[in-house]
Amino acid sequence: MLVEARSISLDVPDMGRQALFGRRAMLRILRNVSLAIGKGETVGLVGESGSGKTSLGRCLIRLYEPSEGQVLFDGEDISRRRQAELKPLRRRMQMIFQDPQSSLNPRHTIGAILGGALRLHGLDAGAQAIASVLDRVGLPQSVMTRYPHQLSGGQRQRVGIARAIALKPDFIVADEIVSGLDVSTQAQVLDLLRRLRAEMGMALAFISHDLSVVRALCERVVIMQGGEIIEEGRTAEVFAAPRTDFTRALIDSIPLPEYREGWLD
């Protein structure tokens, strides 16, 4: 397996409770979660807001350090490695964030944003290299001189994807990357992601609250509730015979199934 979580839990300070004796009470976000993702596999992490899916995704690439358990990447335990020790692995694991407006520096041009990511890892950051990455995500070379606020939401998300794939990673976590886009733009971004994944052979953890999107993109689906995995399996099998009432309710809530099932065809 490329990525494994072994019985991980995650505690964070509970800001809603008063600190006692100078110590903040802790809130358990993830509870004994185990998950494995193979090379080139696309797995959907699905759940309502607060289910722990984003926290799990961030633990998988060690943006968060789990409180308990282990995270393995390509067989290496990275659970307790310091950030400096993780730098050699950062090229191989990347994240596409939910809100590109906030994850892209508004003071930098798109060329500077992508060039900075390439230079950080010792890669060619010249104009031709940046233009090539932009072309792969369907953006013109002229975008290099523009700022994030000058782009549409769909274009900004393509820049977020470009920043992630520029390093040619083995594994990407995509966190609700189409939730703020209209249906047409969603389809374009998802089709792009599906094509890039096939071309590059990378594994993908796709975080979403929308099962219809996951059904169109992911081979396997993991359902989360209350910081735990309550169901997982091949996507088609989970849709055909959900084992929990919660999963059944999520499937029943999908709007316009006849349209959404084939929207990436």
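Here are some notes:
- Each Lys or Arg adds one and each Asp or Glu subtracts one; over the other residues with Cβ under 15 Å from the Cβ of GLN141, this totals +2.
- If you sort the three axes of the alpha carbon gyration tensor as a ≥ b ≥ c, you get a/c of 1.5 or more for region 127-178 and a/b no higher than b/c, which makes it oblate.
- Relative contact order (%) - criterion: Cα under 8 Å, at least six apart; region: region 144-265: 21
- Calculated [222 nm] ellipticity per residue, helices only, for the chain: -10000 deg cm²/dmol; basis is -39500 (n - 2.57) per DSSP H run with n ≥ 4, divided by all residues, nearest 500.
- Separation between Cα centres of region 144-173 and region 81-113, rounded to whole Å: 10
- About its Cα centre, the dipole of the chain is roughly 1060 debye, where the only charges are +1 on Lys and Arg Cβ and -1 on Asp and Glu Cβ.
- Cβ-based net charge around PHE206, under 13 Å, with every Lys or Arg adding one and every Asp or Glu removing one: 0
- Computed magnitude of the charge dipole of region 30-69 (debye, nearest 20; Cβ of K, R +1, Cβ of D, E -1): 80
- 10 Å binning of all Cα-Cα separations within region 97-147, expressed as whole percents from 0 upward: 26, 56, 17
- Relative contact order (percent, whole number), the chain, Cα cutoff 8 Å, 6+ residue spacing: 24
- Using alpha carbons only, the radius of gyration of region 119-265 set against its Kirkwood radius gives Rg/Rh = 1.02.
- By the count of other C-beta atoms within 10 Å, a proxy for reagent exposure, THR42, THR109 are ordered fewest to most as THR109, THR42.
Laboratory data are not the source of any read-out in this text; all were calculated from the coordinates shown. Keep in mind that what you see is a predicted model, and the values were worked out from it rather than measured. Virtual Cβ from ideal backbone geometry, glycine too; neighbours counted across all protein chains shown.
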